[in-house]
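See structure below.
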Amino acid sequence: MNAPHETSTLPTVSSVSEVANAYDYPKIGRRVTSAAGLGGVYHAMEMAGKNRGLLPLLKMNQHGGIDCPSCAWPEPNQNDMNVVEFCENGAKAVSEETTPDRADADFWAKYTVQELRDQTDFWLGKQGRITEPMLYDRSTGDEHYRPVSWEKAFALIKDQLKSLDDPNQAVFYTSGRASNEAAYAFQLLARRLGTNNLPDCGNLCHESTGVALSSTVGLGKGSITINDLETTDLLISIGQNPGTNHPRSLTSFKKLKENGGKMVVINPMPETGLMEFKEPQSVKGMLGVSEKLADEYLQVRLDGDRAFFQQLNRELLRRDAIDKVFIEKFTSGFDATVKHLMSLDDAVLERGSGISATEVSRIADMVEKAESVIVSWTLGVTQHKNAVSTLREVMNFLLMTGNIGKPGAGTAPFRGHSNVQGNRTVGIWEKMPPRFLDALQDYFGFNPPRENGLDSVDSLKQIRDGKNKFFMSLGGNLVRVASDTSAVERGMSQQEMTVHLSTKPNGAHAWPGEKSLILPVRARTDEDIQATGPQKITVENSAGVVSASIGKRTANNDLNLKSEVDIICSIGRETFGDDFWQPMIDDYGNIRNAIEGTIIGFDRYNERIERPGGFYLPNGPRQRVFNTSDGKAHFSVNETNVIDLPENYFLMSTVRSHDQYNSTIYGLDDRYRGVRHGRRVVFVNPEDLEKRGLKDGDLVDIVSVWDDGERRAPNFRVVAYDHARDCVTTYFPEANVLVPLDSSAEESNTPVYKSVVVRLEPLGINMM
Ligand SMILES: Nc1nc2c(c(=O)[nH]1)N[C@H]1C(S)=C(S)[C@@H](COP(=O)(O)OP(=O)(O)OC[C@H]3O[C@@H](n4cnc5c(=O)[nH]c(N)nc54)[C@H](O)[C@@H]3O)O[C@H]1N2
Ligand SMILES: Nc1nc2c(c(=O)[nH]1)N[C@H]1C(S)=C(S)[C@@H](COP(=O)(O)OP(=O)(O)OC[C@H]3O[C@@H](n4cnc5c(=O)[nH]c(N)nc54)[C@H](O)[C@@H]3O)O[C@H]1N2
Ligand SMILES: [Mo]
């Protein structure tokens, strides 16, 4: 057996006091069981006040203001806007950007790269905004990053790009916070160099959604508007924790309930934000009165959603509760689906989902009564081995009931990063269609590469295997958020050059290539003035609405930062000498003209973003137009694939706490799950604890077993929790070390972060 793949920097411990010294020390208390409310706004204001971030907050998500850099939740109609349209976690995101703390030259002089490796992401992020460009050069023997001029930084990147034998030795990664303008410039840089290696965080997130929706309804995006959500008869929410990750959606859930709609929640954990709600801006909410959200809660087994939708679809077929007119007119493949569904075994499906026939029948009753149904989902569905089939089964459900392309009905994948959907629209994709590449060629006059590039997982394999020379990251923190942490760390540092466009220090900076540049950027909240005056940027939300965002002047404007567009286009200008780069820096309207000239749906782009609320991109499924091979929406046949566990093993999911934004750790609490002061916790059903001889408070190592050896994440405190049986949940990114790069979903290649087979190995220490 190979050596365990553990994170090298974590010590093992043998007593409670050692735990307290070596790790954060989680304490478990009472859960806060209704989301938002005065508490939420109080927490938000507290952080904002401390960090002088109040001004940007008040302009957040308003016309002429800043689009919130946190999640991709759509803005309500301008008339429905609240005076303050932001949530606690949006406030945290803004106050992280507007922080007065500085990671300046002294900070980088104080810590060697090795010392940075020993720090947590929480500590790194708390050091504050990076103040000037920094260079690390291993060949000098100096173990520190040192200040470097922008000119020298661009010249070094030019030399490196010119020295590659093959442009495919370069990888250009994007995190979904980048604006449409920065993302478009970034894909142009990669394709000008000659590679389609444009992985993005979307590969790790909603790729399964994109694949399933494109193949069934011909567009890889959701079909609903915010108004649909608020007026639907029935919302089925699967695998999401909106109280933490899309808090502004709770206002729409509440409107849905006020309008008489019902909610079904499918989740292995009864997440606070889905069960009860207090609206911070209403009198009742201020008085602390909470309202019930979920009408039905199904405690599904991890990866059990496919089996559940097969149970439900069978039940609806048995009842003949289907929309025959819709099926006949708009779909193909129905008969094969019926035949397959009817051949399945109820007992196997029930074992797969953990949901009883009685529960299925109750949900079928609700579906039968509803004139319109929406299914919403996020990562609890997309990050499994057979996630694409699960979503195709969800589509079978919506298609057989005719719930697509009519008011109050359709698909609602809640996107992650605030502009992850827009990045993809404007060309951040390793396999953009030939139509786009042709348009790029016509517009800019160079010949873009035609073969597909690498997605995130395949890029990381190339990096791990020592075959990649240049890595550039437009935001994000791929080292921390990817699978197989230690292998990725080693791979990153084997490269000739790594370049990070970042706001604050993060784990990726601690694993530099031979040469490494940290190029500090203006964030979305910062004012951005170029030759033609203040610049706006644009973003697309989960509902396909494109709107503008303008930063405001803050103390950060005095730092030696550049905008992402400026940095990327300057690299393009210096490296290739083309005359199209500088005008794009001087006026971002020129980038929007290029987007309009190369991508469908952006006519009169510069004009239409001036409208309050922006504009909708075309959406076929919303109009029952299906851009598939036969112009119909496709039914599909999906295998059941129940994961059977060896004795004493669990299925493990990795999720976000309430105090984090992916690898940015805002704080060490997760008050909705009752956790304080720590993150190394694993939530387990009390009956499972008893069955396996474990107790609440036990310290355990989490171990996963693979063909190439075991992977171990040490020292997690067991927390007895109302969790689906035989399944456990812990936090990402601490547990990413347990997932091999090779464990990724069929078709979408998204890492399997939510159904990892693990055992819990007790260390003989109890922390109660
Ligand atoms: N504040 C804040 N906001 C964020 C983020 C953040 O880190 N912090 N991240 C952003 C990003 S990039 C994204 S992609 C989104 C992520 O948004 P979410 O998908 O809400 O994020 P997770 O925390 O991974 O939560 C997954 C949920 O799915 C459930 N789940 C896990 N496995 C299964 C399963 O097999 N079946 C079902 N039915 N449920 C399951 C978990 O219990 C949990 O409730 O949020 C975005 N918004
Ligand atoms: N186990 C497990 N792993 C997961 C997931 C999971 O659920 N479980 N979820 C996956 C998902 S959905 C995603 S999206 C990825 C997240 O992957 P990423 O998007 O790569 O990671 P983030 O942590 O969001 O990136 C944070 C960094 O972005 C930089 N940053 C912040 N704002 C800006 C800005 O305005 N401009 C620039 N240039 N940089 C900025 C900061 O330096 C910060 O350190 O993680 C994935 N990994
Ligand atoms: Mo994401």
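The values are calculated or read from the model by the stated rules, or taken from the named source; none is laboratory data. Quantities reported herein were computed from a predicted structural model and do not represent experimental measurements. Backbone-built Cβ (ideal geometry, glycine too); neighbour counts: all protein chains shown.
Scanning the stretch 163-185 for residues that are within 16 Å of ligand 3 (Cβ to nearest atom) and either more than 17 Å from Lys431 (Cβ to Cβ) or not assigned by TED's automatic domain parsing to the domain that holds Lys469 (or both) turns up Ser175, Gly176, Arg177, Ala178.
Consider the stretch 569-596. How many of its residues are of a type in the set (D, E, K, R), surrounded by fewer than 24 Cβ atoms within 10 Å (Cβ to Cβ) and in a helix (DSSP H, G or I)? The total comes to 4.
If only residues of the stretch 487-515 that are of a type in the set (S, T, N, Q) and touching a residue at least 24 places away in the same chain (Cβ under 8 Å) are counted, the one that is nearest to Phe154 (Cα to Cα) is Thr498. The set of residues in the stretch 186-220 being away from ligand 3 (no atom under 16 Å from the Cβ) and not assigned by TED's automatic domain parsing to the domain that holds Ser473 consists of Ala212, Leu213, Ser214, Ser215, Thr216, Val217, Gly218, Leu219. Among the residues of the stretch 738-759, the one identified as buried (at least 24 other Cβ atoms within 10 Å of the Cβ) and farther than 22 Å from Asn241 by Cβ is Ser744. Scanning the stretch 536-568 for residues that are of a type in the set (A, V, I, L, M, F, W, C) and assigned to a helix (DSSP H, G or I) yields Ala555, Val565, Ile567, Ile568. Kindly indicate whether any position in the stretch 425-442 is in the same structural domain as Leu189 (by TED's automatic domain parsing), within 16 Å of ligand 1 (Cβ to nearest atom) and crowded, with 19+ Cβ neighbours inside 10 Å. Within the stretch 425-442, one or more residues are in the same structural domain as Leu189 (by TED's automatic domain parsing), within 16 Å of ligand 1 (Cβ to nearest atom) and crowded, with 19+ Cβ neighbours inside 10 Å. Take Ser653 and tell me if it is surrounded by 22 or more Cβ atoms within 10 Å (Cβ to Cβ), at pLDDT below 95 and either under 27 Å from Val388 (Cα atoms) or within 16 Å of ligand 3 (Cβ to nearest atom) (or both). So Ser653 does not fit the description; no.
For the stretch 233-242, the criterion of being modelled with pLDDT under 95 and assigned to a helix (DSSP H, G or I) is met by at least one residue.
Residues of the stretch 231-242 that are away from ligand 2 (no atom under 16 Å from the Cβ) and either surrounded by 22 or more Cβ atoms within 10 Å (Cβ to Cβ) or under 19 Å from the mean Cα position of the chain (by Cα) (or both): Thr232, Leu234, Leu235, Ile236, Ser237.
Only one of the numbered conditions (1) within 16 Å of ligand 2 (Cβ to nearest atom); (2) assigned to a helix (DSSP H, G or I) is violated by Lys257, and that is (1). What about Phe635, is it farther than 25 Å from Asn423 by Cα and buried (at least 19 other Cβ atoms within 10 Å of the Cβ)? Yes; evaluated as a whole, the condition is true for this residue. Of all the criteria given as (1) out of contact with any helix residue (DSSP H, G or I) (no Cβ under 7 Å at 6 or more places or on another chain); (2) at pLDDT below 95, the one not satisfied by Asn560 is (2). Selection of helices (runs of 4 or more DSSP H) fully inside the stretch 341-423 by the criterion of at least 3 residues being more than 16 Å from ligand 2 (Cβ to nearest atom) returns 346-353, 357-369, 387-400. From the list Tyr605, Tyr649, Tyr661, the one residue that fits, being aromatic (Phe, Trp, Tyr), closer than 30 Å to Thr729 by Cβ and out of contact with any strand residue (DSSP E or B) (no Cβ under 7 Å at 6 or more places or on another chain), is Tyr661.
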